[in-house]
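Some notes on the structure that comes next.
The values are calculated or read from the model by the stated rules, or taken from the named source; none is laboratory data. Please read all numbers here as calculations on a predicted model, not as lab measurements. Positions of Cβ are generated from backbone atoms using ideal geometry, with glycine treated the same way; all protein chains shown enter the neighbour counts. Protein only, heavy atoms only, side chains kept; ligands, DNA and RNA dropped before computing areas. Shrake-Rupley method; radii C 1.70, N 1.55, O 1.52, S 1.80 Å.
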Amino acid sequence: SSEARRVLGLARTRVPPLVLPASTGPPRDPVGGAPFTVVFCYPGAYAASSAYPPGWSEIPGAAGCTLEAATFRDRIDEFTARDAQVVGVSTQRPEEQAAFAAKARIPYPLLSDQELQVAAALRLPTFRAGGRDNLKRLTLIIGADRQIRHVLYPVTDPVASVGQALALLERVEA
C-alpha cells in the first residue's frame with residue numbers, strides 16, 4: 001500500500017527533537033540516552049478492560065497492545081544488552097498510560113503523543129476510534145544521531161515484532 005511504502009520510507013530520515021508528556025517523571029524526548037532507541041507506537045493499552053473504546057477489539061490492529069508491551073517488558077534485558085532503550089508511544093493521556101504501566105509493571109517510558117506531535121512530524125499512520133486519533137502499530141529503531149535505522153510496518157504480530165526488533169539491533173551499526 002502507499003501508506004506502507006511511506007512509513008517504510010522513514011528509514012534513513014531523522015527524528016526531530018520533540019518533548020512529550022511521560023507516564024512518569026517530566027516530559028522527555030522519545031530519542032536519546034542510549035546508542036539506540038526502539039520506539040514502538042501502539043494504539044492504546046488500558047489498565048481496566050472497561051476503559052477501552054467501544055468496539056476496540058473489532059478494529060483491525062487495535063488489539064494486542066498489552067501483549068506487545070508485556071513482551072518488551074519481559075525482554076527488556078535483551079534490548080539493554082544491545083545498547084538500546086525501549087520507549088512506547090501512544091496517543092493516550094499520560095494518566096491512562098501511567099495506570100496501565102503500573103498494572104503491567106512496565107519498566108520503560110510510555111510517552112503521550114496526545115497532541116500528535118510525533119504523528120505529524122513523521123507522518124505516522126493513525127485511525128480514529130473512541131473520539132480520538134490513535135497511532136497504528138509500528139516500530140522504529142533510531143540511532144543516537146536521531147536517524148531512523150529500521151522501520152517495522154505493518155506490525156501484524158505484536159509478539160513476533162519484538163523479536164524482529166532484537167534481530168535488527170544485531171545487524172545495525174551505531
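Of Ala144, Ala119, all but one fail to be hydrophobic (A, V, I, L, M, F, W, C) and over 15 Å from the mean Cα position of the chain (by Cα); the exception is Ala144.
Of note, Leu169 satisfies the criterion of being touching a strand residue (DSSP E or B) at 6+ places or on another chain (Cβ under 8 Å), surrounded by 16 or more Cβ atoms within 10 Å (Cβ to Cβ), of a type outside the set (Asp, Glu) and assigned to a helix (DSSP H, G or I).
Residues in region 54-88 that are part of a loop (DSSP other than H, G, I, E, B) and open to solvent by less than 20 Å² (accessible area, probe 1.4 Å): Ala62 alone. Filtering region 100-116 to residues that are closer than 21 Å to Pro158 by Cα and in a loop (DSSP other than H, G, I, E, B) leaves Arg105, Ile106, Pro107, Tyr108, Pro109, Asp113. Among residues of region 1-29 being touching a strand residue (DSSP E or B) at 6+ places or on another chain (Cβ under 9 Å) and not in a loop (DSSP other than H, G, I, E, B), the one that is most open to solvent (accessible area, probe 1.4 Å) is Arg14.
Among the numbered conditions (1) open to solvent by less than 50 Å² (accessible area, probe 1.4 Å); (2) closer than 11 Å to Val38 by Cβ; (3) free of Cβ contacts under 8 Å to residues at least 60 places away in the same chain; (4) out of contact with any helix residue (DSSP H, G or I) (no Cβ under 7 Å at 6 or more places or on another chain), tell me where Ala160 comes up short. Tallying (1) open to solvent by less than 50 Å² (accessible area, probe 1.4 Å); (2) closer than 11 Å to Val38 by Cβ; (3) free of Cβ contacts under 8 Å to residues at least 60 places away in the same chain; (4) out of contact with any helix residue (DSSP H, G or I) (no Cβ under 7 Å at 6 or more places or on another chain), Ala160 fails exactly one: (2). When restricted to residues that are open to solvent by 30 Å² or more (accessible area, probe 1.4 Å) and either closer than 15 Å to Leu18 by Cα or in a helix (DSSP H, G or I) (or both), region 122-136 contains 1. With respect to the stated conditions, Gln97 fails to be assigned to a strand (DSSP E or B) and not β-branched (Val, Ile, Thr).
If you check Glu115, Glu96 for being closer than 15 Å to Leu20 by Cβ, in contact with a Phe, Trp or Tyr (Cβ under 7 Å, 6 or more places away or on another chain) and open to solvent by 30 Å² or more (accessible area, probe 1.4 Å), only one passes: Glu96. Quick one: would you say Ala119 is free of Cβ contacts under 8 Å to residues at least 24 places away in the same chain and either closer than 21 Å to Ser49 by Cβ or part of a helix (DSSP H, G or I) (or both)? It is false that Ala119 is free of Cβ contacts under 8 Å to residues at least 24 places away in the same chain and either closer than 21 Å to Ser49 by Cβ or part of a helix (DSSP H, G or I) (or both).
I'd like to know if region 43-50 contains one or more residues that are open to solvent by 40 Å² or more (accessible area, probe 1.4 Å), closer than 14 Å to Glu96 by Cα and not in a loop (DSSP other than H, G, I, E, B). Checked against the condition, which is being open to solvent by 40 Å² or more (accessible area, probe 1.4 Å), closer than 14 Å to Glu96 by Cα and not in a loop (DSSP other than H, G, I, E, B), region 43-50 yields at least one hit.
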